[in-house]
Amino acid sequence: MDLVEEIKRLKKEKNALILAHYYQPDEIQDIADYLGDSLKLSQIARDSDSNFIIFCGVSFMAETAKILAPEKRVFLPAKNAGCRMTRFINAKSLQEYKDKNPDTKILMYVNSEADVKALADCCVTSSNAMQIIKYYLDNGEKILYAPDKNLANYAMEQMGVKFEAWQGCCITHQMLQREEVLKLKKKYPNALVLAHPECNLEVLKISDYVGSTKGIIQYAHESDKKEFIIATENGVLHQMKKNDSDKVFHMASPRLVCPNMKLTTLQQVYDCLNEEVNEVFVDETIAKGAKRSLDKMMELSQKLVK
């Protein structure tokens, strides 16, 4: 059986939409209708005329799509694909913090479970976090940024301010060390370093560009430079090489591989379409609270992000 052809047939038969994050395996990216960052894909799911969504990513992403489009059926092919960052925070510990700090606004990175988002005042992504943090601080609010300490530390360093940060991180990005990047910069002196803000601050300080996954891909595409050191998950290389076959990309480390993002297989996508397995459900009360924090983010992002 040709899985790719069968997936195409079933997708057409069921008017299904296949979404894939940039960190997914190459063959999964190639069968997707849309590639993107997690929130953008969820917005595509919401706005699509399809009621059958296959979300190739990790659990919080599929949850977010279901929250934004509760009337649609959302499936996660790799049912055990979690996000290691989300394990650093849970609803119980966040509620305990809120009880002790009722005047603090909670800004929650989208890389979090639905019940945690439901307790937040506003969600953020790597592409709008700086603007939303600044908005709350400029309005005299005390904030807690959770759960990614690295993005928080970068924001504080860039803005010259201090605020509370939960001590979580993306294990994959956290493993990258400054010395590894410096070694490559010496080896490839003409290469620009493009880094995701989930990297630690010492890496970000020696990077030429810091931005979201989409931002990194776009920056390389629009740059006149021909050589880059990539400091984010290696799945981005597939799209970057497609966009710019004449440019050279060096991964900052061979360890920049998210094991959960690589769990999705063509067989799993086929099974979701054929047998309708691994459907995603979110408790209605939790979904309502999470949607409120996501809606707040989109409201502010529209106003603040140029």
Q.
Considering only residues that are farther than 21 Å from Asp295 by Cβ and hydrophobic (A, V, I, L, M, F, W, C), which ones fall in region 51-75?
A. Phe52, Ile54, Cys56, Val58, Phe75
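Right, Val116: of a type in the set (Val, Ile, Thr), exposed (fewer than 15 other Cβ atoms within 10 Å of the Cβ), at negative phi and free of Cβ contacts under 8 Å to residues at least 40 places away in the same chain or not?
Details: of a type in the set (Val, Ile, Thr): yes; exposed (fewer than 15 other Cβ atoms within 10 Å of the Cβ): no; at negative phi: yes; free of Cβ contacts under 8 Å to residues at least 40 places away in the same chain: yes.
No, not satisfied.
If a residue has to be part of a helix (DSSP H, G or I) and among the hydrophobic types (A, V, I, L, M, F, W, C) to count, how many in region 209-231 make the cut?
Initially, region 209-231 is screened for residues part of a helix (DSSP H, G or I), giving 213-222.
Add one more test, that the residue is among the hydrophobic types (A, V, I, L, M, F, W, C), and what stays is 216-217, 220.
The qualifying residues number 3.
Condition check: among the hydroxyl-bearing types (Ser, Thr, Tyr), out of contact with any Gly (no Cβ under 6 Å at 6 or more places or on another chain), closer than 30 Å to Phe75 by Cα and surrounded by fewer than 18 Cβ atoms within 10 Å (Cβ to Cβ). Does Thr265 satisfy that? First the steps, then the outcome.
Values: among the hydroxyl-bearing types (Ser, Thr, Tyr): yes; out of contact with any Gly (no Cβ under 6 Å at 6 or more places or on another chain): yes; closer than 30 Å to Phe75 by Cα: yes; surrounded by fewer than 18 Cβ atoms within 10 Å (Cβ to Cβ): yes.
In short, yes.
Please verify whether Val305 is out of contact with any Cys (no Cβ under 8 Å at 6 or more places or on another chain), surrounded by fewer than 21 Cβ atoms within 10 Å (Cβ to Cβ) and more than 27 Å from Ile132 (Cα to Cα), treating the condition exactly as stated. Don't jump to the end; show me each part of the working.
Details: out of contact with any Cys (no Cβ under 8 Å at 6 or more places or on another chain): yes; surrounded by fewer than 21 Cβ atoms within 10 Å (Cβ to Cβ): yes; more than 27 Å from Ile132 (Cα to Cα): no.
Here the answer is no, as Val305 does not meet what is asked.
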Q.
I'm told Tyr145 meets every condition in (1) in a helix (DSSP H, G or I); (2) surrounded by 20 or more Cβ atoms within 10 Å (Cβ to Cβ) except one. Can you identify the failing condition by its number?
A. (1)
Q.
Checking the conditions here, which among Val277, Val257, Val282 is buried (at least 18 other Cβ atoms within 10 Å of the Cβ) and modelled with pLDDT of 95 or more?
A. Val282
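For residues that are under 20 Å from the mean Cα position of the chain (by Cα) and surrounded by fewer than 23 Cβ atoms within 10 Å (Cβ to Cβ), scanning just region 194-203, find the one that is nearest to Met85 (Cα to Cα).
The first filter runs over region 194-203 and keeps only residues under 20 Å from the mean Cα position of the chain (by Cα), leaving 194-201, 203.
The next check asks that each one be surrounded by fewer than 23 Cβ atoms within 10 Å (Cβ to Cβ); those that pass are 200-201.
Working: Asn200: 14, Leu201: 17 Å.
By that ranking, first place goes to Asn200.
Run down Tyr97, Tyr136 and say which single residue is outside any strand (DSSP E or B) and in contact with a strand residue (DSSP E or B) (Cβ under 6 Å, 6 or more places away or on another chain). Spell out the reasoning first.
Working: Tyr97 fails: in contact with a strand residue (DSSP E or B) (Cβ under 6 Å, 6 or more places away or on another chain).
When all the criteria are applied, what remains is Tyr136.
Give me a count of the residues in region 121-133 that are in a loop (DSSP other than H, G, I, E, B) and surrounded by 24 or more Cβ atoms within 10 Å (Cβ to Cβ).
To start, the set of residues in region 121-133 that are in a loop (DSSP other than H, G, I, E, B) comprises 121, 125-128.
From what's left, surrounded by 24 or more Cβ atoms within 10 Å (Cβ to Cβ): 126.
The total comes to 1.
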Q.
Looking at Lys142, Lys117, Lys100, can you tell me which residue is in contact with a helix residue (DSSP H, G or I) (Cβ under 7 Å, 6 or more places away or on another chain) and not assigned by TED's automatic domain parsing to the domain that holds Glu13?
A. Lys117
Q. For region 232-306, list the helices (runs of 4 or more DSSP H) that sit wholly inside it and hold at least 1 residues that are more than 26 Å from Ser112 (Cβ to Cβ) and touching a residue at least 12 places away in the same chain (Cβ under 8 Å); which are they?
A. 236-243, 266-275
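Got a sec? Which strands (runs of 3 or more DSSP E) wholly within region 1-88 have at least 3 residues that are buried (at least 21 other Cβ atoms within 10 Å of the Cβ)?
Working: elements: 16-21, 34-36, 52-56, 73-75.
Strands (runs of 3 or more DSSP E) meeting the threshold: 16-21, 52-56.
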Q) How many of the residues in region 149-191 are of a type outside the set (A, V, I, L, M), buried (at least 16 other Cβ atoms within 10 Å of the Cβ) and assigned to a strand (DSSP E or B)? A) 1
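The values are calculated or read from the model by the stated rules, or taken from the named source; none is laboratory data. As the structure is a computational prediction, the values presented were derived from the model and not from experiment. Please note: Cβ atoms are built from the backbone with ideal geometry, for glycine as well, and neighbour counts cover all protein chains shown.
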